[in-house]
Amino acid sequence: MFTTKAPTSRARPSSPSALLRAIAGNSLHRLVNPNQYRPTPTATLILSPDPLAGALIGAAAELIGHRIEFVRAGEFAREALRRVRPSVLLIDCADANAADEALLGPAMMMGTRIFLFGSAAHTQLLQPIAIRYHLGVIVFPRDVEQLAVILAADGPRAQLQK
């Protein structure tokens, strides 16, 4: 013999939005409160001795949805790497010492995609490092759409840009 429990009465929703969520579930809740489920932007760390160059590439990356972080005053690049834990690391080729093994090794072990950026003359100086470590190279000027394609490249390392 089977017995069934009498249905229990549920508490009445306190507001119209609570009533809609109770009826439609989580999918409607996303419509009612869209900011709660917005994906977090990709953390991008920019290492540049030139504030203007860093700001320009930062603005372009921010336009395509990246959260931009810079090295703070008096902070070493490795400290900034530990603080930010970026998905993307952009290194200005104007500073030839920035792309050294002490920084590239930990960044690669974290799974960070690393790109060197700068003018054609500056990127030629660091071309051997880019080839040895399979780093992406962004030669400026670039438009925002091209930058979006480069930074969104899938795979272990981005393709080398010439």
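The values are calculated or read from the model by the stated rules, or taken from the named source; none is laboratory data. Since this is a predicted model, take the numbers as computed values, not measurements. As a convention, Cβ positions derive from the backbone with ideal geometry for all residues, glycine included, and neighbour counts pool all protein chains shown.
Observations, loosely collected:
- Helices (runs of 4 or more DSSP H) (entirely within the range 47-133) containing at least 1 residues that are under 16 Å from the mean Cα position of the chain (by Cα): 51-63, 77-84, 101-109
- Index of the failed condition, His122 passing every other in (1) of a type outside the set (Ser, Thr, Tyr); (2) at positive phi; (3) at pLDDT below 90: (2)
- Among the candidates Ile23, Ile64, residue that is more than 27 Å from Ile138 (Cβ to Cβ), out of contact with any Cys (no Cβ under 7 Å at 6 or more places or on another chain), modelled with pLDDT under 90 and of a type in the set (Val, Ile, Thr): Ile23
- Of the residues making up the range 72-104, just one is surrounded by 12 or more Cβ atoms within 10 Å (Cβ to Cβ), over 22 Å from Leu52 (Cβ atoms) and among the small types (Gly, Ala, Ser), namely Ser87.
- Residues located in the range 126-143, provided they are of a type in the set (A, V, I, L, M), over 17 Å from Ala61 (Cβ atoms) and either at pLDDT below 85 or surrounded by 14 or more Cβ atoms within 10 Å (Cβ to Cβ) (or both): Leu126, Ile129, Ala130
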